[in-house]
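Q: So that we are looking at the same thing, I have put the structure below in structure tokens.
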Amino acid sequence: MAHEFKMQRRVEFAETDTAGIVHFSNFFRYMESAEHAFFRSLGLRVHSHSESKIGGWARVNAACTYKSPLRNEDLVDVHLIVREKRTKSFIYDAVFTKQEDGKSIEVAHGSMTTVCIKNRAGDDALEATAIPKEVDALIEAAPPELVAEFLASSGRG
């Protein structure tokens with residue numbers, strides 16, 4: 001079963017402010033993008049929609065701490081781990097790094113809690129639901145020693 005995912009992306013001009021630095025809100029998009037890529041790498045989807053059903057993952061908590069700027073054209077590595085798996089949700093941690101002078105520099109770290117949701121029976125409202133069996137079978141929480149190492153490497157442990 002999987003508990004971590006890594007991806008790299010290039011910072012685009014539209015993601016920066018007038019100083020050419022990535023706007024803080026984009027780090028949340030990067031975390032979400034990594035989560036979606038993680039699901040796709042396992043043959044899963046994060047959202048489903050049909051005439052009668054909606055299902056997906058709602059964000060109920062997100063945080064990010066910034067340490068160094070990212071700029072237009074920088075390559076950013078996003079390392080996502082599943083810190084905790086509950087019956088209806090996942091808590092992810094992410095570390096964002098870039099290469100500078102041959103060294104990997106942490107530019108930010110964050111976390112995100114996502115809850116599995118579906119239509120409530122009889123109406124259009126959404127409610128939390130158990131993680132589907134096909135997702136539950138493929139994703140697990142990272143081992144405690146990996147989580148501790150991951151958090152310590154970003155000054156959170």
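Q: Identify the residue in the stretch 16-31 that is in contact (Cβ under 8 Å) with a residue 12 or more places away in the chain and farther than 17 Å from MET112 by Cβ and, among all such residues, is surrounded by the fewest Cβ atoms within 10 Å (Cβ to Cβ).
A: GLY20
Q: Quick one: count up the residues across the stretch 47-104 that are closer than 30 Å to GLU134 by Cβ, of a type in the set (S, T, N, Q) and not in a strand (DSSP E or B).
A: 3
Q: In this structure, does ALA58 turn out to be within 18 Å of the chain's Cα centre (by Cα), in contact (Cβ under 8 Å) with a residue 24 or more places away in the chain and surrounded by 14 or more Cβ atoms within 10 Å (Cβ to Cβ)?
A: Judged against the criteria, ALA58 is not a match.
Q: Here is a follow-up. Which of the residues that make up the stretch 66-83 are without any contact (Cβ under 8 Å) to a residue 60 or more places away in the chain and surrounded by fewer than 17 Cβ atoms within 10 Å (Cβ to Cβ)?
A: TYR66, LYS67, SER68, PRO69
Q: A further question follows. Which condition does ALA63 not pass, out of (1) among the hydrophobic types (A, V, I, L, M, F, W, C); (2) surrounded by 15 or more Cβ atoms within 10 Å (Cβ to Cβ); (3) touching a strand residue (DSSP E or B) at 6+ places or on another chain (Cβ under 6 Å), if it passes all the others?
A: If we test ALA63 against (1) among the hydrophobic types (A, V, I, L, M, F, W, C); (2) surrounded by 15 or more Cβ atoms within 10 Å (Cβ to Cβ); (3) touching a strand residue (DSSP E or B) at 6+ places or on another chain (Cβ under 6 Å), just (2) comes out false.
Q: Additional query: Restricting the stretch 110-124 to residues that are over 11 Å from the mean Cα position of the chain (by Cα) and in a strand (DSSP E or B), which is farthest from PHE5 (Cα to Cα)?
A: Looking at residues that are over 11 Å from the mean Cα position of the chain (by Cα) and in a strand (DSSP E or B), I get ASN119.
Values quoted throughout were computed directly from the atomic coordinates according to the rules given, and no laboratory measurement underlies them. Since the model is a prediction, treat every value here as computed from it, not as a measurement. Note that we place each Cβ from the backbone using ideal geometry, even for glycine, and neighbour counts take in every protein chain shown.
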